[in-house]
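Just so it is clear, none of the values below were taken in a lab; they were calculated from the coordinates. Remember, it's a predicted structure, so these values are computed and weren't measured experimentally. Glycine gets a Cβ as well: all are built from the backbone with ideal geometry, and neighbour counts include every protein chain shown.
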Amino acid sequence: MTADAELIIRFEDDTDESAARVVAAALGCSVRRRMRTDDPEQVQLLVKVEEGSLEECKQAFEGRDEVVHVEVNAGGFEAL
């Protein structure tokens with residue numbers, strides 16, 4: 001079995017969590033969880049991406065004004 005494809009998305013400071021979740025859903029991703037950061041106001045989400053669409057989804061997030069940073073979660077877990 002293959003590991004789930006995941007991205008870590010960090011949003012602009014003025015983006016609230018509900019708006020960030022709407023962006024993720026609009027791009028076809030499901031939010032796994034909000035990630036902890038040093039700044040409790042900073043919204044950073046771990047999202048699951050459909051298999052085979054990781055690069056396309058990453059580029060789509062990078063094209064959004066409210067997104068500061070996108071990276072592939074290399075620490076994902078493999079399904080057993």
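Brief remarks follow.
- Unique match (being without any contact (Cβ under 8 Å) to a residue 40 or more places away in the chain and within 13 Å of the chain's Cα centre (by Cα)) among Arg64, Arg34, Arg10: Arg34
- Strands (runs of 3 or more DSSP E) contained in the range 12-80 and holding at least 1 residues touching a strand residue (DSSP E or B) at 6+ places or on another chain (Cβ under 7 Å) and surrounded by fewer than 11 Cβ atoms within 10 Å (Cβ to Cβ): 30-34
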